[in-house]
1. What ranking, highest mean first, results for peptides 70-83, 53-66 when packing means the other Cβ atoms within 10 Å averaged over each residue?
2. Around Arg8, under 14 Å between beta carbons, what's the net of Lys plus Arg minus Asp minus Glu among the other residues?
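No value in this document is a laboratory result; all are computed from the given coordinates. Because the structure is a prediction, the values reported are computed rather than measured. For neighbour counting, all protein chains shown are included, and Cβ atoms are generated from backbone atoms with ideal geometry for every residue, glycine included.
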Amino acid sequence: MGQLYMQRFENRGVIDKSDFDATLPVGLEAFRKAGNVDKGVTGHGVFAASWYDYVLIDVDSPKTFAEYQAFHYNNCDHHFAITFEPVVNMEDAFAETSQ
């Protein structure tokens, strides 16, 4: 397992909410089929919340993550504000300091 990230898609208002809700799952499926899994990115689920949608991804390396980010910023940024937040296991992160 590499580094986990929560990827957030926020509608920029270019399309209305019903179109956003209808098209985002189709877009996410296209990303899955675009070779990202072969490039070291594995999706672990899509989570919807009002005007935002989230995807939990597992990335094998920093280079792979940079390529994945560039793909999304180049192809989707005009419709969505896209952010990536690392998911950290706090128990593991602070295990050394608590002993």
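1. The most tightly packed comes first, giving 53-66, 70-83.
2. That works out to -3.
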